[in-house]
Amino acid sequence: DVLFLSVRRRYPSPEDMAAIRAWINAGKAVVGIRTASHPFGERPKGKGYQAPAGHEAWNTFDQDVLGIAYTGHYGSRSGHQVIARLADGAAGQAILKGVKLPRPAVVPSHLYISEVKDPRVKVLLRASIREEKADEPIAWTVVRDGQWVFYTSVGGVEDMKLPWVQRLLVNAVYW
């Protein structure tokens, strides 16, 4: 019923990539977490970041499917916290039902840099790092031509221990 992606820079065989593309092209549901913003993406520097022979990359997955452009992340500096909050206008969205953000809603993992590219993106949660003057979307939906896509850049090991993150992901799968 849903393609759930939690991969980073993996390069499927042509047959497997064809199955992934067919799922998405058929308009079926997609849920992506954390590194699913660049699941099949190559990058020019670094060993192991290019598709090996006989495997395929999809460098524009972030824009094609998630409606955003992923360009990296803010590093962690001592004392700099990533703090999550509801996005303007997001209260009452079904995916947020039962999601109770503590005060402050500290996200343990790095804050991803994600620029919204598709006007159909509905940002649900944002996060900021005050000292960096950083403010980024961290959870959103895209509904296009009957296809429902949910993505969150939250999803590191420590993030997954947070009750509000767990509820968010359960809601996303049922959505």
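The values are calculated or read from the model by the stated rules, or taken from the named source; none is laboratory data. Being a predicted model, the structure only gives us computed values, none of them experimental. FYI the Cβ positions are ideal-geometry reconstructions off the backbone, even for glycines, and counts take in every protein chain you see. Ligands, DNA and RNA are excluded from the accessible area calculation, which covers all protein heavy atoms including side chains. Shrake-Rupley method; radii C 1.70, N 1.55, O 1.52, S 1.80 Å.
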Per the list (1) of a type in the set (A, V, I, L, M); (2) over 26 Å from W23 (Cα atoms); (3) in contact with a helix residue (DSSP H, G or I) (Cβ under 7 Å, 6 or more places away or on another chain), residue check on A139 breaks on (2)
Of those in segment 83-96 that are under 19 Å from the mean Cα position of the chain (by Cα) and surrounded by fewer than 12 Cβ atoms within 10 Å (Cβ to Cβ), the residue nearest to V123 (Cα to Cα) is D88
When segment 122-146 is checked residue by residue, the ones that are charged (D, E, K, R), touching a strand residue (DSSP E or B) at 6+ places or on another chain (Cβ under 8 Å) and either over 20 Å from G72 (Cα atoms) or surrounded by 16 or more Cβ atoms within 10 Å (Cβ to Cβ) (or both) are K122, R126, E136
When every residue in segment 21-49 that is in contact with a helix residue (DSSP H, G or I) (Cβ under 7 Å, 6 or more places away or on another chain) and not hydrophobic (A, V, I, L, M, F, W, C) is compared, the one surrounded by the fewest Cβ atoms within 10 Å (Cβ to Cβ) is G41
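Going by what's in this entry, would P119 be described as part of a loop (DSSP other than H, G, I, E, B), open to solvent by 20 Å² or more (accessible area, probe 1.4 Å) and in contact with a helix residue (DSSP H, G or I) (Cβ under 9 Å, 6 or more places away or on another chain)?
No.
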Note on segment 50-82: residues surrounded by 14 or more Cβ atoms within 10 Å (Cβ to Cβ), touching a residue at least 40 places away in the same chain (Cβ under 8 Å) and part of a loop (DSSP other than H, G, I, E, B) are A51, H55, E56, A57, W58, G67, Y74, H80, Q81
Checked P39, P12 against criteria (closer than 22 Å to F150 by Cβ, assigned to a loop (DSSP other than H, G, I, E, B) and within 18 Å of the chain's Cα centre (by Cα)); the one match is P39
